[in-house]
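Below: one structure, written as structure tokens.
The values are calculated or read from the model by the stated rules, or taken from the named source; none is laboratory data. All figures in this text were calculated on a predicted structure; none of them were measured in a lab. Using ideal geometry, Cβ is built from the backbone for each residue, glycine included, and neighbour counts are taken over all protein chains shown. Just the protein is used for accessible areas: all its heavy atoms, side chains included, with ligands, DNA and RNA removed. Shrake-Rupley method; radii C 1.70, N 1.55, O 1.52, S 1.80 Å.
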Amino acid sequence: MKTYKTRTTINKNLIEDMLSARELEILMCMACGHSRATIAEQLSISVLTYDEHRKNIRNKLGLQSNADWARALMPFMK
């Protein structure tokens, strides 16, 4: 499995290929600045399910720091 470890460039297509449809949906909601409770409510899931998806996103993309998260979210910001 590939991990997303690029420090300077973001490849939106790679991220889209690595995540499930639901994980991508959650990532896009995060990029819009929604809280975990709001995202869970909008997607009709529990906050704990949101937390599991977020953990899976972190693991699949190899995100370790807040800066890593910011780089992963930037291509999805509107």
For region 8-78, the percent of accessible surface on carbon and sulfur atoms (probe 1.4 angstrom, ligands and nucleic acids excluded) is 51
For the chain, the dipole about the Cα centre with charges only on Cβ (Lys and Arg +1, Asp and Glu -1), to the nearest 20 debye, works out at 320
Computed over the chain, the relative contact order (Cα-Cα under 8 Å, seq sep at least six) in percent reads 48
With every protein chain kept in place and a 1.4 Å probe, the chain has an accessible area per residue in Å² of 62
The correct ranking of Met77, Met28 by accessible area at 1.4 Å, largest first, is Met77, Met28
Heavy-atom accessible area of His34, protein chains in place, probe 1.4 angstrom, given in Å² to nearest 10, is 70
Around Glu52 (Cβ within 13 Å, Cβ-to-Cβ, excluding Glu52; K/R +1, D/E -1) the net charge comes to +4
